[in-house]
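*Asks:* Once you've had a glance at the structure underneath, I'll fire off some questions.
The values are calculated or read from the model by the stated rules, or taken from the named source; none is laboratory data. Please read these numbers as outputs of a predicted model, since none were measured by experiment. Please note: Cβ atoms are built from the backbone with ideal geometry, for glycine as well, and neighbour counts cover all protein chains shown.
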Amino acid sequence: MQKVYIMVGIPGSGKTTFAKKLQNASYLGTDDIRKELYGKELTLRGHGKVHGILHERILQELNSKKDIVIDCMNIRKTQRKKLLELLSRDEQVVAVHMDTSLFQALKNNRKRQRHVPVFGILFFYLIKEVPTIHEGFSDVIHIS
């Protein structure tokens, strides 16, 4: 059965590092799409366009029957609901929640080549909604 991994976490939580370790899965990330469109990964431009392209690519990859990893924050239930609605019920959809402390995320952010502003990380930390099985996931994995 095809698996779709939906990464969940604030900037600096380790989503991309973990996602890229899933070697047999097709990697789809909004940072890559932003870089294609705007020349840089960290920009507030084109949120709707970026996610529209992401959804198109998800549908294309579903046809390949390969596992898929979707790498974007997905910190709100409403964001995850859109992804779950896009998927059919033939896939096993797993939320991978990067349960990283605010301190660790800020520390990781300082080590990155592209820094997310501290206020952005704090804001996302405060509004993050932890995923649950009741949202429609086959499984929820919490990684600390």
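*Asks:* Pairs needed: first member in segment 81-104, crowded, with 19+ Cβ neighbours inside 10 Å; second member anywhere, in a helix (DSSP H, G or I); C-beta distance under 6 Å; at least 6 residues apart or different chains.
*Replies:* If the second residue must be in a helix (DSSP H, G or I), the pairs left are Met98/Lys15.
*Asks:* Let me ask something additional. Within segment 1-22, count every residue that is part of a strand (DSSP E or B) and farther than 19 Å from Leu59 by Cα.
*Replies:* Summing the residues that are part of a strand (DSSP E or B) and farther than 19 Å from Leu59 by Cα in segment 1-22 gives 1.
*Asks:* Give the residue that is modelled with the highest pLDDT, with candidates limited to residues of segment 23-40 that are part of a loop (DSSP other than H, G, I, E, B) and under 17 Å from Tyr5 (Cβ atoms).
*Replies:* The initial filter retains those residues of segment 23-40 that are part of a loop (DSSP other than H, G, I, E, B), namely 23-24, 39-40.
Adding the requirement that they be under 17 Å from Tyr5 (Cβ atoms) leaves 23-24.
Numbers: Gln23: 84, Asn24: 90.
It comes out as Asn24.
*Asks:* Which one of these is in contact (Cβ under 8 Å) with a residue 40 or more places away in the chain, loosely packed, with under 15 Cβ neighbours inside 10 Å, among the hydrophobic types (A, V, I, L, M, F, W, C) and over 25 Å from Arg57 (Cα atoms): Ile127, Ile121? Please lay out each step first, then the result.
*Replies:* On the way: Ile121 fails: loosely packed, with under 15 Cβ neighbours inside 10 Å.
Criteria check complete, one pass: Ile127.
*Asks:* Check whether at least one residue in segment 61-75 is more than 19 Å from Thr132 (Cα to Cα), without any contact (Cβ under 8 Å) to a residue 24 or more places away in the chain and of a type in the set (Lys, Arg), and report yes or no.
*Replies:* Looking through segment 61-75, none of the residues is more than 19 Å from Thr132 (Cα to Cα), without any contact (Cβ under 8 Å) to a residue 24 or more places away in the chain and of a type in the set (Lys, Arg).
*Asks:* Against the conditions (1) closer than 27 Å to Gln2 by Cβ; (2) without any contact (Cβ under 8 Å) to a residue 60 or more places away in the chain; (3) among the aromatic types (Phe, Trp, Tyr), where does Phe137 fall short? Just the number, please.
*Replies:* (2)
*Asks:* Filter segment 18-45 for residues that are among the small types (Gly, Ala, Ser) and either touching a residue at least 40 places away in the same chain (Cβ under 8 Å) or closer than 23 Å to Lys128 by Cβ (or both) and give the result.
*Replies:* Across segment 18-45, the qualifying residues are Ala19, Ala25, Ser26, Gly29.
*Asks:* With the checklist (1) aliphatic (A, V, I, L, M); (2) more than 20 Å from Lys35 (Cβ to Cβ); (3) over 13 Å from the mean Cα position of the chain (by Cα) in hand, flag the one item Ile53 doesn't pass.
*Replies:* Unmet condition: (2).
*Asks:* Looking at (1) under 14 Å from Pro131 (Cβ atoms); (2) of a type in the set (Lys, Arg); (3) modelled with pLDDT under 95, find the lone condition where Lys15 falls short.
*Replies:* (3)
*Asks:* Related question: Restricting segment 62-72 to residues that are touching a Ser or Thr at 6+ places or on another chain (Cβ under 8 Å) and under 18 Å from Ala95 (Cα atoms), which is surrounded by the fewest Cβ atoms within 10 Å (Cβ to Cβ)?
*Replies:* Lys66
*Asks:* Another question, if that's okay. Which of the residues spanning segment 99-124 are among the aliphatic types (A, V, I, L, M) and farther than 20 Å from Ile141 by Cα?
*Replies:* The answer is Leu106, Val116, Val118, Ile121, Leu122.
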